[in-house]
Each structure stands twice: as C-alpha cells, then as structure tokens.
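Everything below concerns the one structure shown next.
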Amino acid sequence: MAMSSWFSRLRCSSKCFFNSLALRTSVSRKLVRTQKTTNSESTKSPFLFWSSSLLPIALAVSAGSLALHPQSDPSLCEASGVNSRAEFVVKGSHKEVPLELIDELKAICQDNMTLDYEERYNHGKPQNSFHKAVNIPDVVVFPRSEEQVSKIVKSCDKHKVPIVPYGGATSIEGHTLSPNGGVCIDMSLMNRVKALHVEDMDVVVEPGVGWMELNEYLEPYGLFFPLDPGPGATIGGMCATRCSGSLAVRYGTMRDNVISLKVVLANGDVVKTASRARKSAAGYDLTRLVIGSEGTLGVITEVTLRLQKIPQYSVVAMCNFPTVKDAADVAIATTLSGIQVSRVELLDEVQVRAINIANGKSLPETPTLMFEFIGTEAYSREQTLIVKILLLNTMGQTLFLRKILKLKRNSGSSGFVMRKEALWACFAMEPNFEAMISDVCVPLSCLAELISRSKQELDASELICTVIAHAGDGNFHTVILLDPNNEEHRQEAQRLNHFMVHTALSMEGTCTGEHGVGTGKMKYLEQELGMEALKTMKRIKAALDPNNTMNPGKLIPSHVCF
C-alpha cells in the first residue's frame, strides 16, 4: 500500500494545473492503495509486518506516542479543547494505548494498518486545513469491509480509545484532526460500487468512493451524481460534513441526495437508516441525523444515493460587473425570476487575477458571474436569452457565451474547471503562503450586503483575499492568503474570518454553509443555534456514544452541559 495524503486524491483532477505551477507533483488517485516504502530515516514500511513489529511498538509506547482519550461523563462540562478567542492549535489529552488493542487491530486488519510516523502525520495534519492539533493519530487502520469497521469500533470503545473517521481529507475545518491521538479509520479501501439500479436512478456505494470516480462509472449509463465539492472528496466524507457544491442551487445539498445509510455505532452495532424507497414516513429520520454529524455519532459504511440524468446540453456564460454588489444583485434577480440555472458562481477581481496568473489567461479582472444552463438545447438557449434580457434591462450589461456544448459530466469541458481550481490559482500569487478558507451562508436577499461589507474589510486588509460565492443560494466563501510563520498575519486572518461570520449571523445566516463545523466553527454555534439546541445535540451524542470515542472534540463545544 502507498502512503497516501489528501493530495494524492486531489491531483487526478488538476494534473496539468499543478504541473504548470510546479507547486506539487502530479499523482493519479487510485481507488486501491499499492505498497510503497518511505525513505525517511525515522520510518519503515507504512504497513507493518507484525512478525518483526515488537520493537517499534515498544519504542512508540516508551516515547508516549500512543494516546487514549480519557473517559468522562458526557453530561458534565468539560474543559474546552478549542480556545474560543483565537486558538490556532487544537489541544487534547494524551495517554497510552493498550498493547491489547494493538493486537486486536492487527487481528482484524492484518497488514492494513500502520504505526509509521509519516503516515500518521499525514493523516493527522490535513494539508488544506488552517487548523492544527497538538497530537496525531497513534494508529491508522484501513478496513476493507463493514464487518472490519464494526470490529475496530467495538474494540476501540471497549478500550475507550478515540476514533477519527477519514475520507478524502478535503475538509478544511479540522474534521480529521486527532487532538487526542487514538485510531484513525481510513476508509479508502472501501471504494466499491455495490449496486446500480438504472431504472430507479439510484446507486449503492461504499464510503471511500470519490464523487468524481463515481461519475466516471455512471457516465456510460447516462446518469450522474450532481454534487460537486472540491476534487478528491469521497462520498462518506461528503455525507459526514453535509456538503453541497456549485450545483446545489439546482439539485440541493447532500441531505437531499442521500436515500439511506448504513452506519457503525460506537458499540459496534450496524444500523441501516432507511429503505431504498424515494420517500418514507417510517419513524425518526436517522439518515438526516447522521448526515452532517461529522463522525461524532458513527462511521458510515454504505450510502444509497439519488442520481440524475445527464442533461443533453450545457450553456456556460460569463458577465463582468463594476462591483461585487452589482454581481450579487444580478445573481439574486436571476434566482427570483424563476430561471432554472444549474450554477451561478461569483468571483471577485482578485480571484479572476489569480486565475489569469495560474492559467495564462487574459480574462477581464473585474467581478464576474458565471452561469450554467442545462437541459435540452432549445431549453438551455431559451434560459440564456432570458438572462441576457434581464442583464440588459437591469444593468446594461452583456452576457458572453463561452461555450455551447453537448454536456459530458466530469470531462472538464463545462467551463467551470477554472472555478473548481480557484484555491490552487490563489497559490500562484503567493506560492509559499497558506490559505485560511471560510464560508458562510445567508438568506438570499442578504447576500449582496454581506459580500459588499465583507469585501470592504478584505480589500482594506494587508493580506491577499479573494471572494468566491455560490451566489444562487446565498453561500459566500473567502480565501485569505497568509504567511503561517507571521503571527500578525494569522491574527489578521482570524479577525477577517470573525468579521465575516458575525456579519452573516447578524443577518440570520449560518457560520458555515457547506464546509461543516469541525473544530474551526464550534465557537460560533451557541450564537447561531442557542444553548438548548446544543444541549439537545449533546444528549443525542451521549446516548449513542457514552464513552465519547467517536471523533471527540468536534462539532459540539465541550462547555455544553446538560
């Protein structure tokens, strides 16, 4: 098996882009790992051959690198692992993992586990997350089946060792951090398409399947899965974070596109949340409870997804504006007009400049709206004409058609490839900087004001900041580039993030539209949801996970009591 980090899953979609920037080496993502030996003097083969593993285990234990999350009464207030002011490193407890658990994991996973430091480090330090943790996982396991996941989880619960589920590692709010050490369950080997029901337009998959790989599989059948988050994201992680993407304005978010789940609970029990019927009124909606739970209630092992027919045609169009507020106003007017756009993406002039630098383009460096209209050729052209007239009547602006084509999902020809690689384009401006990425969402009528007020703060900052928005549903992102070694940069980035979030909350919005909570957004939940809502969440968590082993320190602030 090969040492794999988040980049190995991402590069498949951006090979030419990365090569042109010389920022990272291109590596195709593979659904099944292959074995690789690292050349680090402190590491051995990532997967242990246990006949000779006693010495490294003994050294690891003596060095205190194996961790155990202490049991605590979940109804009591706990010391917060995240400083609500401006803590950049997530703190956690650290105790030795019993060797008995190591032996049990070896019996379950055989060679599909590792104590290799480099592999553990990569799993504990997500490359695209601004958030860091004091500890990394002590063991990484790679189950191949639901049965193995159940046994792993049951053993960890018995020994009260924390578990962190791990998917494509594309999340950015610290979801896969291991502040308490413990066991990281990498789901990448559970990557099978288990069943495709073409006539029912649904598919049953394991959680390690990537959405891009899934769409490649579905394309010959004329079907596709419509959610399109960042390249490299896997279906299990997309469920856990309740993600969406640029097509959410047309097809909804993850909660609208998942029919049912199978989940391993903290005690090892396997629960199926629903049947395969398109709708049901049978009992509690456990599917929606698990979606967005970020691994705090269980480990997802199977997902049944709703599919869509691939539209015949796509029309991609762009329009430039003098200000981001003007662009946002038009996006809102387009949505209110009833036009069925599939995407409405807003980029400010800084983001367009980054795209030009990264791709050698010469796009006008002004705030820009990107539209996509899909359907039959006649319908797509009709909708484009309506938006064209709307623009001329309201702004005197012209809509430029970039492409009119027969749609081929996942081919990269839809005109939105540059938008999907916006983050990497930003690094072309400052290759040695890190990015703090944040998102908020507000009622649609408030989007223009939110973007306008945030843009004033971002432009006044010494840091390079870009604005990107899923303008059709009120979701607004910013990328803030900073020198990670410059404390003033870090504090300024955090200040800008706070401003954006608090402005959104003041407009009855949310601190996260699609990135999830993790560790980064916990400090805003009480203001957004109220203490009673958080107490209810904690009661659910305590009932399903009494030993608090399932991704502890995420989603629910530790000061919440009941």
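The values are calculated or read from the model by the stated rules, or taken from the named source; none is laboratory data. Keep in mind that this is a model prediction, so the values were computed, not measured. Note that we place each Cβ from the backbone using ideal geometry, even for glycine, and neighbour counts take in every protein chain shown. These accessible areas exclude ligands, DNA and RNA; they are computed on the full protein's heavy atoms, side chains included. Shrake-Rupley method; radii C 1.70, N 1.55, O 1.52, S 1.80 Å.
A few notes on this one:
- Residue within region 474-490 that is open to solvent by 60 Å² or more (accessible area, probe 1.4 Å), touching a helix residue (DSSP H, G or I) at 6+ places or on another chain (Cβ under 7 Å) and of a type outside the set (S, T, N, Q) present: no
- Among the residues making up region 215-231, those that are in a helix (DSSP H, G or I) and in contact (Cβ under 8 Å) with a residue 24 or more places away in the chain are ASN215, GLU216, TYR217, LEU218, GLU219, TYR221.
- Residue that is nearest to CYS184 (Cα to Cα), among those in region 123-138 that are open to solvent by less than 10 Å² (accessible area, probe 1.4 Å) and more than 14 Å from the chain's Cα centre (by Cα): PRO137
- Count of region 528-562 residues which are part of a loop (DSSP other than H, G, I, E, B), among the hydrophobic types (A, V, I, L, M, F, W, C) and open to solvent by less than 20 Å² (accessible area, probe 1.4 Å): 1
- Some residue of region 139-151 being part of a helix (DSSP H, G or I), in contact with a strand residue (DSSP E or B) (Cβ under 7 Å, 6 or more places away or on another chain), surrounded by 19 or more Cβ atoms within 10 Å (Cβ to Cβ) and of a type outside the set (Asp, Glu): yes
- The condition of being at pLDDT below 95, among the polar types (S, T, N, Q) and buried (at least 19 other Cβ atoms within 10 Å of the Cβ) holds for THR384.
- Between GLU302, GLU349, the distinction of being charged (D, E, K, R) and free of Cβ contacts under 8 Å to residues at least 24 places away in the same chain belongs to GLU349 only.
- Out of LEU297, LEU305, LEU289, sole residue that is surrounded by fewer than 19 Cβ atoms within 10 Å (Cβ to Cβ), assigned by the TED database to the domain that holds ILE235 and either touching a Leu at 6+ places or on another chain (Cβ under 6 Å) or under 24 Å from THR176 (Cβ atoms) (or both): LEU289
- Some residue of region 336-349 being closer than 17 Å to ILE451 by Cα, at pLDDT 95 or above and assigned to a loop (DSSP other than H, G, I, E, B): yes
- Filter result (open to solvent by 20 Å² or more (accessible area, probe 1.4 Å) and either not small (Gly, Ala, Ser) or not assigned by the TED database to the domain that holds VAL134 (or both)) within region 153-190: LYS154, ASP157, LYS158, HIS159, LYS160, PRO165, THR170
- Residue match in region 191-209 (condition: among the aliphatic types (A, V, I, L, M) and either modelled with pLDDT under 95 or farther than 23 Å from ARG276 by Cα (or both)): no
- Count of residues meeting criterion [assigned to a helix (DSSP H, G or I) and open to solvent by 10 Å² or more (accessible area, probe 1.4 Å)] in region 237-252: 7
- Those residues of region 491-520 which are buried (at least 18 other Cβ atoms within 10 Å of the Cβ), under 30 Å from SER337 (Cβ atoms) and among the hydroxyl-bearing types (Ser, Thr, Tyr), in sequence order: THR503, THR510, THR512
- Sole residue being open to solvent by less than 20 Å² (accessible area, probe 1.4 Å) and modelled with pLDDT under 85, chosen from LEU369, LEU407, LEU392, LEU401: LEU407
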